[in-house]
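Here the structure comes first, spelled out in structure tokens, and everything after it is commentary.
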Amino acid sequence: MRRGFNQAGDTLVEVVFAIAIISITLVSAYNVANNSYRIGVQARERIEAASVAQGQAELLRAWRDQNTVNMAPNQGVVPSPAGGFKVTMSPTGVITSTACGPTCLVGPGGRYQLRVTAAEVGTVFPSTSGPDGVKYTIRVEWPRIGGTGNENTEVTLTLADRRLDRTNIECDEVEKCS
Amino acid sequence: MFVKRSNQKGFTLVETVLAMAIFTFVLLILVGALTGLYRIYRATAGIRDTQQQARTVSEEITRATRNASYVIPKIDTASGNNAICLYRPASRVSNILRGPSEVFSLEGTTTKKIVWRKLDAADLALDGSTVCDPNLYANPRDLTSPEVSVMLFYPTAASLVAPATLKTMLNFELRIASTRALASEINTSVAFDPANPENTGPVCDDGLSYCSMTGISSGVQARSQIAGGD
């Protein structure tokens, strides 16, 4: 019983329904894309933060290496204020340690808070000779995208105090001491 | 059951106008959403590109620097086309500084800059001079892909031991923007301030919207100091 000339169209309700369905689909697609973008930004921030931490670790190591000739006892490898610090290199190439609390901004765009804390490790030598090394904790924090609070990443680095080799060994030449 | 053949009643003008209005409204929303989707797609692709490139460049610089003896940065404040020259270890016998080993240099126009890696054209003895000229190097190889432009390439170096001209600690700032990002989203007019390298440089317009840029600041220590008085 096919009706040849039924020209009745869709009702308004049907049209509205169709529009609603299309809208829901589109909104979901938009949300998915937005989420993937947010995840991309998060990944980028982790990479940036990791590079900040890695650069800091390298600076700490460089500091240790350049200070091997100064044989002051009872002294950490890098000056380490209790509240935390950061090591920076100026454009002219001077490496310095700056005391700073939780608000030391570094990194691309100054978005990353960097804080290094130090703890002495291993004192097998008499206390006058200082620690065997220093364990540094490099913590990087940055504001969470689209939310409250901070994200963070932490890197630990233990550096032997190479000065001990010189302060505790009674001969001048390393070859004769082994 | 029987539909009359001559039922040709159409819509009234009011109905038509109303329908068109609804349709236009919906269409506008759809177009806006689709444009948004496209922007997000480009931004996401851009972030991926810049991340990849930032990692590649920084890895290559790091690896090369660890194998070098010392490093000399070249800063060109006018163009921002800075360079990092790496030198290979001195001969322990004669203590003659060997010539430039390789260079990482930034070159290009203001809108499109590429990091190049070049090797020395000739194995020259440098006799202690500290020239870092990318033009002396040959066999260029571009490290960055066509999808990105390097907005900032800023090296600094420190010497850990005397003499002060021979620097073994390298720090570098890299900021890579995607060419997929819409041009208006990136503000390139901010000049780089060497006194405050961490907080300047090209920035996104509002820092939050779909801006595809990755910045990396990292440091690396060269393998060894120059042989001194051996």
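Bear in mind these aren't lab numbers, they're just calculated from the coordinates by the rules spelled out. No experiment lies behind these values; they were computed from the predicted model shown. All Cβ positions, glycine included, derive from the backbone under ideal geometry; neighbour counts span all protein chains shown.
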Exercise for review: Extending each Cα 7 Å along its Cβ direction at B:D133 and A:T156, get the distance between those two points in nm, one decimal.
Suggested key: 5.2 nm
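Pairs B:K74/B:K112; B:K113/B:K167; B:K118/B:K167; A:K135/B:K74: which exceed 24 Å Cα-Cα?
B:K113/B:K167; A:K135/B:K74
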